[in-house]
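Just so you know, all these numbers are worked out from the coordinates, no wet-lab data involved. Just so it is clear, the model here is predicted, and its values are computed rather than measured. Note that we place each Cβ from the backbone using ideal geometry, even for glycine, and neighbour counts take in every protein chain shown.
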Amino acid sequence: MIEVKDLHKKFGKNEVLKGIDLNIERGGIFSVLGPNGSGKTTLIKCILGMVLPDSGAISVDGKPLKNNFKYRNEIDYLPQIANFPGNLKVNELIAMIKDLRDSKATKDEELIELFKLQPFLNKKLANLSGGTKQKVNLVLTFMFDSPLIILDEPTSGLDPISHLRLKNLIFSEREKGKTILVTSHILSFVEEIADEIVFLLEGKIYFKGTITELKTKTEQPDFEHAIASILSSSYA
Amino acid sequence: MLKILKYSFYDLMRSRWSYVYFLFYLLLGVVLLFLNNDLSKAVITLMNVIIILVPLIGTIFGVMYYYNSREFTELLLAQPVKRSSIFLGQYFGVATSLAMSLVIGLGLPFVFYGIFNSNAIWDFTLLLVTGGFLTFIFTALAFVIALSNENKIKGFGYAILLWLFMAVIYDGIFLMSLLYFEDYPLDKFSLIATMLNPVDLSRVLILLKLDISALLGYTGAVFQKFFGTSFGLLLSFAMLIVWVVVPTFFIWRIAKRKDF
Amino acid sequence: MPNFETILKKTLHIFTLVILLFATAAAMGKTINVCSTCEAKTIQEGINQASDGDTVLVKKGIYKEVNIIVDKSIILLGENLPTIDGEDKGEIIKIVADNVTVDGFKIINVGTSYTSDYAAIRVIKKNGYLIQNLQLEKLFFGIYLERSDNGKVLNNTIKGDAINEYNSGNGIQLWYCNDVEVRGNDVQNVRDGIYLEFSDNIRISHNLSRNNLRYGLHFMFSNNDIYEYNTFENNGAGVAVMFSKFIEMKNNVFKENWGTAAFGLLLKEINDATISNNVFKENTVGINLEGSNRVTYHNNDFISNGWAIKVRGACYANSFKENNFLYNSFDISYNSNINDNEFDNNYWSNYTGYDLNKDGIGDVPYRPVKLFSYIVNRTPETIILLRSLFIDIIDFSEKVSPVFTPDNLVDENPKMKPIKHDRS
């Protein structure tokens with residue numbers, strides 16, 4: 001599904017990605033983890049084509065990214081901070097994104113129902129709270145039926161009920177055989193949903209495998225301690 | 001691109017600032033015309049406003065819009081849309097809505113005043129067309145500045161500097177160099193220097209209408225050809241178009257290479 | 001039914017009238033007809049047959065004649081505009097007698113010469129002439145009056161085809177003439193529309209002088225003349241009044257005189273003149289003054305000129321009152337910082353002051369000379385910076401503390417509203 005080969009990226013003098021090789025097969029939930037500044041977001045943005053790599057190649061579904069934008073039809077992306085043009089209304093924004101993707105088969109209505117957004121449809125985005133904005137953000141992401149879903153900190157600002165609904169939503173997407181890429185700081189959330197984790201450290205992939213494998217490798221009883229041991233050993 | 005343009009435009013059409021801008025011009029037009037009751041004087045005052053204020057507003061608005069919609073831009077970037085379409089679409093959206101505020105805001109009072117039955121209609125049309133060009137030029141320059149500067153404060157700073165330079169400092173340097181080199185033939189130099197600054201270019205374009213009697217007093221053959229024939233008008237318009245096209249090209253190029 | 005008495009009365013009436021008519025005709029002299037079938041076949045023959053007081057009536061037709069000498073006090077009258085074609089051979093009509101009238105001809109193809117000034121019609125040292133209703137085309141000089149007084153030149157149309165100054169002549173030329181009236185003529189495309197040299201007490205009115213190569217009207221060494229209600233339009237350099245005294249210029253229109261050395265009105269060495277109620281519109285320079293003293297300017301309109309008034313050289317004791325200065329690129333320009341002229345009670349559209357006591361007079365004096373006009377005088381190319389914000393800023397600083405422009409050149413009583421002139 002996603003193939004990343006020897007990916008390098010520098011921002012000024014700051015070398016963020018130092019040769020990433022990653023191969024993600026179809027199906028399953030993959031969690032990208034790593035401390036702040038390890039290159040998670042940069043990697044995701046590279047896959048989305050928002051950041052242009054200095055060297056290396058990425059292909060999604062066998063199609064190389066370079067000078068290509070149509071492949072993004074295959075991706076649903078949830079950005080970290082949801083900020084929309086304030087003067088648009090919620091339903092206008094949804095209509096607009098649909099229009100941009102030329103996609104008719106959507107499930108926006110059931111998602112609106114799911115997140116109880118009906119009362120907000122005619123409100124301007126500028127007047128929404130952070131949590132509601134995040135819900136709109138989720139609707140925008142999940143309303144298309146793309147084989148690859150990328151979620152950047154999907155839980156931020158959500159109340160517990162919505163959090164639960166989101167989890168169920170992610171699972172049901174997995175059932176359909178989709179590939180889901182998630183970054184999150186909330187380890188319990190990751191532990192619950194992730195089939196496999198990709199651990200980035202200082203611009204390189206430190207570990208890729210299931211949580212059980214990670215526990216075995218670090219000889220730690222639980223996930224949190226396993227992560228902590230990676231971090232303490234690398235900074236020791 | 002047209003879709004992005006459409007949505008940026010809708011967004012702006014509902015923005016408070018578009019109305020402030022629109023109402024400002026409406027008020028200006030009304031005050032100039034109905035308090036003074038002197039169409040020719042109004043057109044002259046308007047010219048000063050247009051060549052100074054329109055660039056300022058275009059620059060600030062362009063920079064502001066870019067920085068304010070950065071997150072939204074990121075959302076768009078993840079959609080299957082070409083990068084250049086996103087930025088060019090936003091640019092044209094902003095510039096078009098600004099230009100419309102200008103044209104309608106100033107146009108309405110003048111239409112009610114009866115501009116269509118007046119000789120000043122051509123002067124006025126020229127003013128509006130030039131104002132439109134300046135809006136497009138300075139919004140494009142603002143986008144170029146904003147795209148090249150992640151730092152908002154820096155971006156605003158450069159934008160204001162750019163305006164200050166084009167509107168005032170440039171002419172100061174221009175005047176000094178004319179006075180300093182007054183023993184040399186200067187008409188070619190001064191025409192070229194005019195072409196290199198869109199504010200001066202627009203000013204001269206309007207001068208061709210308002211002050212042609214004075215301009216024809218100058219003896220140089222190059223000036224004579226420029227001011228005395230339609231050559232000057234055509235060249236000025238061509239240069240204004242170049243001034244729109246070049247920054248737009250830079251928007252396209254920078255957007256293509258930029259990381260978000 | 002009319003009775004006998006009334007019929008008798010009527011017949012008597014008519015009879016008296018007819019007798020009266022014959023008597024008058026006899027006193028006025030006889031009429032000699034000129035036409036291709038008449039006894040007199042050429043105009044010159046007609047004149048030869050006439051004696052003082054006769055009328056030579058020229059019928060419609062084309063007469064190819066040059067050097068027609070009018071040596072008797074006659075009326076040379078054209079019927080239905082006969083044409084005299086000079087075939088470029090030289091002068092056409094020469095008047096060498098007093099009290100001659102020439103009326104109603106079309107005169108074409110005057111010869112061009114570099115040695116003598118051929119004219120369509122010339123009066124030499126004779127008085128009491130009347131030249132009217134002529135149409136002159138393809139000419140060198142049009143109407144040439146030399147040392148001839150007390151004449152009238154009325155309602156003629158003069159249409160030249162002048163291209164270069166050196167081989168073209170003037171429309172109407174007065175040389176050492178006094179007490180002449182020039183009225184209602186339309187002169188175009190010649191060198192100078194109307195030219196006066198050493199001619200005093202001339203009255204020039206209601207003429208239209210346009211598209212001439214050099215000046216629409218040109219005075220040299222002529223005094224006590226009046227010109228009024230004329231229109232001077234798009235002439236090479238406008239109207240020039242030079243080396244003359246006591247000229248009155250009233251109610252004229254000077255417009256669209258564009259070009260590098262063009263102006264509405266040029267005053268050079270003019271003293272004690274009056275310029276009032278004129279309109280100067282869209283000229284490169286409205287009035288150009290050089291060495292002119294004691295001239296009063298009042299109730300004129302200066303509209304959309306490049307420079308409304310340009311003062312060069314020594315000009316003393318001139319006064320500018322109650323004029324309207326509207327939308328000129330520059331109102332007044334001086335080439336020195338000394339001023340001995342008075343500006344008062346004018347309206348300036350560029351004035352930005354206020355009137356708190358509502359008396360119609362601005363509370364802040366107006367300075368009509370800008371620093372920028374001084375800069376443009378020095379370096380003409382700087383004109384391209386006209387109306388730039390930077391220029392406005394330096395003009396403002398000069399206004400606050402004058403250095404380059406005359407310190408005392410102010411209108412202390414600038415009007416708040418344009419002055420409505422009483423023009424009749």
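Some points to look at:
- The charge dipole of the range C:85-223, taken about the Cα centre with unit charges on the Cβ atoms of Lys, Arg (+1) and Asp, Glu (-1), comes to about 120 debye, rounded to the nearest 20.
- Overall shape: prolate for chain C, with the ratio a/c of the largest to smallest alpha carbon gyration tensor axis at 1.5 or above and a/b above b/c.
- Environment charge of A:Leu231, counting only residues whose C-beta is closer than 12 Å and scoring Lys/Arg +1, Asp/Glu -1: -2
- Under Karplus coefficients 6.51, -1.76 and 1.60, residue-wise ³J(HN,Hα) of the range C:383-396 in Hz, glycine/proline x: 3, 5, 8, 3, 6, 7, 4, 4, 5, 4, 5, 6, 4, 5
- Beta bridges per DSSP, both residues in the range A:2-235: antiparallel share near 55 percent.
- Calculated [222 nm] ellipticity per residue, helices only, for the protein assembly as shown: -12000 deg cm²/dmol; basis is -39500 (n - 2.57) per DSSP H run with n ≥ 4, divided by all residues, nearest 500.
- A run of chain A free of exposed loop cleavage sites, with GluC sites (Glu not before Pro) counted only in DSSP states other than H, G, I, E and B and at most 14 other beta carbons within 10 Å, reaches its longest extent at A:26-218.
- Shown in residue order for the range C:257-272 are the 3J(HN,Hα) couplings computed by the Karplus curve 6.51 cos²θ - 1.76 cosθ + 1.60 at θ = phi - 60°: 8, 10, x, 5, 10, 9, 8, x, 9, 10, 10, 10, 6, 10, 10, 6 Hz (x for Gly and Pro).
- Span from the the range B:16-93 Cα centroid across to the the range C:299-355 one, whole angstrom: 39
- Lone cysteines, the protein assembly as shown (no partner Cβ under 4.7 Å): A:Cys46, C:Cys177, C:Cys315
- Residue-averaged beta-carbon neighbours from other chains (10 angstrom radius) around B:64-75: 4
- Amide H contacts of A:Gly34 (H built 1.01 Å from N, under 5 Å, at least 5 apart or other chain): A:Leu200
- By the rule of a C-alpha distance below 18 Å, with chain neighbours fewer than 8 residues away ignored, the lysines paired with A:Lys178 are A:Lys63, A:Lys107, A:Lys167.
- Over the range B:2-257: Kirkwood hydrodynamic radius from C-alpha pairwise inverse distances, Å: 19.4
- Assigned charges on the beta-carbon of Lys, Arg, Asp, Glu; the range A:2-235 dipole about Cα centre (debye): 760
- Whole-Å distance, taken between Cα centres, linking the range A:172-196 and the range C:241-280: 93
- What separates the Cα centres of the range B:150-218 and the range A:1-45 is a distance of 50 Å.
- Rounded to whole numbers, the Karplus 3J(HN,Hα) couplings from phi for the range C:50-55 are 7, 10, 3, x, 7, 10 Hz, using 6.51 cos²θ - 1.76 cosθ + 1.60 with θ = phi - 60°, and x at Gly and Pro.
- Shape class for the range A:2-235: prolate, because the ratio a/c of the largest to smallest gyration tensor axis (alpha-carbon atoms, square roots of eigenvalues) is 1.5 or more and a/b beats b/c.
- Between C:Ala317, C:Ala273, C:Ala119, the GNM of chain C built on Cα springs shorter than 10 angstrom shows C:Ala317 fluctuating the most.
- Proximity of backbone amide H atoms, modeled 1.01 Å from N, is registered between C:Arg122 and C:Ile93, C:Lys94, C:Ile95, C:Tyr144 at under 5 Å, excluding neighbours fewer than 5 places apart on the same chain.
- Scanning chain B for long hydrophobic helices, with DSSP H runs required to stretch 20 angstrom or more by C-alpha along their axis and to average at least 0.0 on the Kyte-Doolittle scale, returns B:16-30, B:39-68, B:83-113, B:121-148, B:230-257.
- Highest GNM mean-square fluctuation among A:Asn168, A:Asn67, A:Asn137, for chain A modelled with Cα contacts below 10 Å: A:Asn67.
- Rel. contact order, % - alpha carbon contacts under 8 angstrom, at least six apart, the range B:2-257: 27
- Considering only the protein assembly as shown, percent of DSSP beta bridges that pair antiparallel, nearest 5: 15
- Within the listed set B:Ile145, B:Ile169, B:Ile51, the residue fluctuating most in the Gaussian network model of chain B (springs between alpha-carbon atoms under 10 angstrom) is B:Ile169.
- The range C:56-169 shape via C-alpha gyration tensor axes, a/c threshold 1.5: oblate
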